[in-house]
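What follows is a single structure, written as structure tokens, with notes after it.
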Amino acid sequence: MALTVTLEPWGSGDLPLLERLMGDPQMTEHLGGPQSPDKLRERQGRYERLQGSDRMFKIVEVESGAGAGSVGFWTKEWQNELVYEAGWMVAPEFQGRGIAVAATAQAIEFAKRDDGHRCMHAFPNVENAPSNAICRTLGFELLGACEFEFPKGHFMTCNDWRLDLHGELKEHVIAARHSTRSRICGSPVELGVSGVAGLRGTAC
């Protein structure tokens, strides 16, 4: 059953949702394990202080008003270029209903409008099949595998997916937007975080 989702700027009251996402062993299976309460509070602060064209959103299921996850993008230096890295996470009870695809498609539209960087990259773990499928569905181009250290001391192999934000909006992105109804509410806000969010996805 398709759900309608909306994106809201990440706010000061969203720490409980962040704890459910980044503090949960199942949710962080491909991210080196759950973060400590102190690290979660630090991350919450970074999300609230994002500046420029970097943004973090709460994914909200419209009918229930429940926080379903997070999606965002932030500036990253990658191969001597400044790009966006994107990341997303969807709570277990909302997974399998196209929410991550719909929400990320909306975030891509924000990035296109902001026009801060030409390219957006996503770096899902090579073993994270759902996130790699999301990249493929949204028209990202697979460039190959690379090594990442996240968190500090934990190395993982990720796929490097790239999306050209200056290219034409691809048909599969349009289809993804309609497969799960989605919308964005709230005015644009200055949200930059240096780190990873969610079922890693993200920059050029």
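In the list Gly69, Gly32, which residue meets the criterion of being closer than 24 Å to Glu149 by Cβ and not aliphatic (A, V, I, L, M)?
Criteria check complete, one pass: Gly32.
Mind telling me which of the residues Val5, Val90 ends up being under 25 Å from His154 (Cβ atoms) and of a type in the set (Val, Ile, Thr)? Reasoning before the result, please.
Details: Val5 fails: under 25 Å from His154 (Cβ atoms).
Val90 is the lone residue from the list that is under 25 Å from His154 (Cβ atoms) and of a type in the set (Val, Ile, Thr).
Give the residues of segment 1-21 that are touching an Asp or Glu at 6+ places or on another chain (Cβ under 8 Å) and closer than 13 Å to Ala66 by Cα, sorted by residue number.
Listed by number, the residues that qualify are Leu3, Thr4, Val5.
Out of segment 114-151, which residues are hydrophobic (A, V, I, L, M, F, W, C), part of a helix (DSSP H, G or I) and either surrounded by fewer than 20 Cβ atoms within 10 Å (Cβ to Cβ) or in contact with a His (Cβ under 6 Å, 6 or more places away or on another chain) (or both)?
Passing the criteria: Ala129, Ala133.
Which pairs do you get when a residue that is within 12 Å of Ser12 (Cβ to Cβ), found in segment 40-60, comes within reach of a residue that is of a type in the set (Val, Ile, Thr), reach meaning Cβ atoms under 8 angstrom, with the pair 6+ apart or on two chains?
Matching pairs, first to second residue: Tyr47/Val193.
For segment 48-96, which positions are in a loop (DSSP other than H, G, I, E, B) and either surrounded by 20 or more Cβ atoms within 10 Å (Cβ to Cβ) or of a type in the set (S, T, N, Q) (or both)?
The answer is Leu50, Gln51, Ser53, Asp54, Ser64, Gln79, Asn80, Gln95.
Name the residues in segment 31-47 that are outside any loop (DSSP other than H, G, I, E, B) and buried (at least 17 other Cβ atoms within 10 Å of the Cβ), would you?
At the first step, the residues of segment 31-47 found to be outside any loop (DSSP other than H, G, I, E, B) are 37-47.
Passing the criteria: Leu40, Arg43, Gln44, Arg46, Tyr47.
Answer yes or no: is there a residue in segment 102-111 that is outside any helix (DSSP H, G or I), touching a helix residue (DSSP H, G or I) at 6+ places or on another chain (Cβ under 8 Å) and surrounded by 19 or more Cβ atoms within 10 Å (Cβ to Cβ).
No: zero hits.
If you scan segment 94-117, which residues turn out to be at pLDDT below 95 and farther than 24 Å from Val5 by Cα?
Of everything in segment 94-117, just one residue is at pLDDT below 95 and farther than 24 Å from Val5 by Cα, namely Gly116.
From the set of residues in segment 1-23 that are in a loop (DSSP other than H, G, I, E, B) and over 17 Å from the mean Cα position of the chain (by Cα), which is surrounded by the most Cβ atoms within 10 Å (Cβ to Cβ)?
Leu3
The values are calculated or read from the model by the stated rules, or taken from the named source; none is laboratory data. Predicted model only: the values in this text are computed from it and were never measured. Cβ sites come from the backbone with ideal geometry, for glycine too, and all protein chains shown count toward neighbours.
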